[in-house]
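The values are calculated or read from the model by the stated rules, or taken from the named source; none is laboratory data. None of these values were measured; they are calculated from a predicted model. Every residue, glycine as well, gets a Cβ built from its backbone with ideal geometry; the counts of neighbours run over all protein chains shown. These accessible areas exclude ligands, DNA and RNA; they are computed on the full protein's heavy atoms, side chains included. Shrake-Rupley method; radii C 1.70, N 1.55, O 1.52, S 1.80 Å.
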Amino acid sequence: MTRPIRAAILAVLLAVTGGSAEAAAPRRGLAAEPFVAEALGLRMYLPADAIADAQVVDEAVSYVVSNPQTTWSMRISAVTPAVAGPTAAALAEEHLKAVEATGRRLDILTNEARTVGSVTGQMLYVQQTLDDQKPLVSGWLFLPTSARSFVVLTVLTTAEGFARLRPVFDASFATIELRSLEELERQRKARYERARAIVVTFSPDKLRSLLGQKQWYRIYRPSASGRVADDTEVGFLSMQCQEGMRGELTPERSTETFGSMEAETGLMVSVEARAIISAEKNHYLDVNGRYWMDWDRTEEAWSVRQTQRIGAHTQTSAETGVRNKATLDVIHSSREQLTREPSRWTIPDLAYLSQPEVFLLGRLLPRDGSLDGDLAFYFYDTRSRRLAERVDQWQRTRDGSGDWLLTSTPMLEAAMIRQRFDARGDRIQRIDGDGTLTERIDPDDLARLWKSKGLMAR
């Protein structure tokens, strides 16, 4: 799957969980929003325009950070040395010896203690000349998180750009906040306990109160001019919550053919969306998703169909999911490509959000100010196609509107997702880490907007 198509799919399917940006960059040259590496217990402000991606290898999480011009890169990872009583200074010396062993020309620019908050680590910068190439600068910041573990930030850039970038790196490193592994585990447990206390309130009556009218959302990237005509349209989606039978996940089937299991009623969320892959080439992606859960929350199922349209040519793929109590099965398939990829997970005995609940979280969380502290849930993450963990912060806005903000951080993702909800708990707006906006809109206004830009609404 190509990057534009994958991005289009994410734009419409992930416009479901997240609020509104309020924080400002603490220093010039840094991003306006903090980067949170939840799996490492790290929070910091990255250089402006940085792009961060999570990588998972054998359940070990690291983050690769770079800028769009690829003039520098940074890796953030956890390290547990095999030696007894490791120190940040000793790790720096070990890295220095490994670099010296290559036999290449080497200049040590910095090898000194560096204090970040209450933690003292070691900062090592070296300049190397690799064969006939231009000199490069490598840097390592070693920060202890326990007696045996460290977070390591590894920087690579050109020697030419290092003089300009070093103050930015120093300013970014100065914003680092670290939590020890013990503190991280205590906080994680408290989050899940708060979330567990919330999900037990999701009674059948409360779930039935979610039923309502269809809502429409515009997905776009705002222009620098602030003019709607200059905005870049990404897509749109509609969402409706109704009571439905499990068999209605396959809309072509007649209800008269349903067996007893298929005739069981529950909460059904229906999503229809269109994403623009290339308007010039008349290339669109249509998504039709149905997400069902029984009233006692023990079972769920969903069916998502994606259809690429390039003129008269179409190509389809599908995702189906089934959860029976503690086991979740998800299958990705393509009729044209003759592929079928099944996956299975056992859901931990902690707070879990079904797919319909992810869509409707703003309506389910308390809006009386009684929630004190962050929440942590397990959920099926469309982006990574895995059972993932997330941290959510739910708070009332400070502008007197009565609205609520939900800030969500998937634990293995780099960017926060922010959503704003009205006093009823219906979503008004979502802001993704890349600046994409999803905003509630009247369907007639949406149709007129797309027509004015020569786009095909259907």
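Can you list which of the trypsin sites (Lys or Arg not before Pro) found in region 312-374 are DSSP loop residues with at most 12 other C-beta atoms within 10 Å?
On the way: sites: R323, K325, R335, R340, R344, R363, R367; in loops: K325, R335, R367.
The qualifying sites are K325, R335.
For the chain, with all protein chains present and a 1.4 Å probe, just round the carbon and sulfur fraction of the accessible area to a whole percent.
Carbon-and-sulfur percentage of accessible area, whole number: 49.
Kindly state, to the nearest 0.05, the FRET efficiency for Q337 paired with R253, given R0 = 30 Å and r defined as their beta-carbon distance. It would help to have the intermediate numbers written out before the result.
On the way: r = 25 Å, r/R0 = 0.82.
Efficiency computed from Cβ-Cβ geometry: 0.75.
For region 241-372, what are the per-bin percents of Cα-Cα distances with bins 10 Å wide, up to the bin holding the maximum?
11, 34, 33, 17, 5, 0
Hey, with R₀ at 56 Å, roughly what FRET efficiency would T316 and A90 work out to, going by the Cβ-Cβ distance, to 0.05? Don't jump to the answer; show the numbers that get you there.
On the way: r = 56 Å, r/R0 = 1.01.
So, using R0 = 56 Å, E works out to roughly 0.50.
Solvent-accessible area per residue for the chain at a 1.4 Å probe radius, Å²? Could you put the intermediate results ahead of the total?
Details: 22140 Å² over 458 residues.
Value returned for the chain: 48 Å² of accessible area per residue.
In 10 Å bins starting at 0, how do the alpha-carbon pair distances of region 239-303 split up by percent?
Answer for region 239-303: a P(r) of 21, 43, 21, 13, 3 percent.
With the Cα gyration tensor of region 381-458 giving a ≥ b ≥ c as the square roots of its eigenvalues, does the rule (a/c under 1.5 for rounded; else a/b larger than b/c for prolate; else oblate) give rounded, prolate or oblate? Please report the intermediate quantities before stating the final value.
Values: a/c = 2.66, a/b = 1.31, b/c = 2.03.
It comes out oblate by the Cα gyration axes.
As I understand it, the dipole of region 321-387 uses +1 on the Cβ of Lys and Arg and -1 on the Cβ of Asp and Glu, about the Cα centre. Which of G369, Y352, H332 lies farthest toward its positive end?
H332
Rule-of-thumb check for region 25-78: C-alpha Rg over 2.2 N^0.38 Å?
On the way: Rg = 11.5 Å, N = 54, 2.2 N^0.38 = 10.0 Å.
Expressed relative to 2.2 N^0.38 Å, the Cα Rg reads 1.15.
Please compute the contact order of region 341-406 in relative form: average sequence separation of alpha-carbon pairs under 8 Å and at least six residues apart, divided by the residue count, as a percent.
Working: 71 pairs, mean separation 17.6, N = 66.
Answer for region 341-406 is 27 percent.
How large is the dipole of region 371-458 about the Cα centre if only Lys and Arg carry +1 and Asp and Glu carry -1, each at its Cβ, rounded to the nearest 20 debye?
For this selection, approximately 380 debye.
Wrap a convex hull around the Cα atoms of region 269-346, take a quarter of its surface area, and give that in square nanometres. Walk me through the numbers before you get to the answer.
Numbers: hull surface 23.2 nm².
Averaged projected hull area, Cα only: 5.8 nm².
Tell me the GluC sites (Glu not before Pro) within region 334-427 that lie in a loop according to DSSP and have at most 15 other beta-carbon atoms within 10 Å.
Details: sites: E336, E357, E389, E413; in loops: E336, E413.
When the GluC sites (Glu not before Pro) of region 334-427 are filtered for loop state and at most 15 Cβ neighbours within 10 Å, E336 remain.
Restricting things to alpha carbons, tell me how big region 322-458 is in terms of Rg and Dmax, in Å.
Cα only, region 322-458: 18.0, 54 Å (Rg, Dmax).
Could you check the spin-label model distance between D368 and K134? Points 7 Å from the Cα along Cα→Cβ, value in nm.
Those two pseudo-labels are separated by 6.3 nm.
Once Rh is set to the Kirkwood radius over Cα pairs, what Stokes-Einstein translational diffusion coefficient, in µm²/s, holds for region 75-187 at a temperature of 37 °C and a viscosity of 0.692 mPa s?
220 µm²/s
Helix-only mean residue ellipticity at 222 nm, the chain, DSSP H runs n ≥ 4 weighted -39,500 (n - 2.57), per residue, nearest 500. What is it? Kindly include the intermediate steps, with their values, before the conclusion.
Working: 8 runs with 82 residues, N = 458.
Result for the chain, helices only: -5500 deg cm²/dmol.
Mind jotting down the three principal axis lengths of the chain based on Cα atoms? Whole angstrom, largest first.
Projected onto its principal axes, the Cα set of the chain covers 77, 52, 50 Å.
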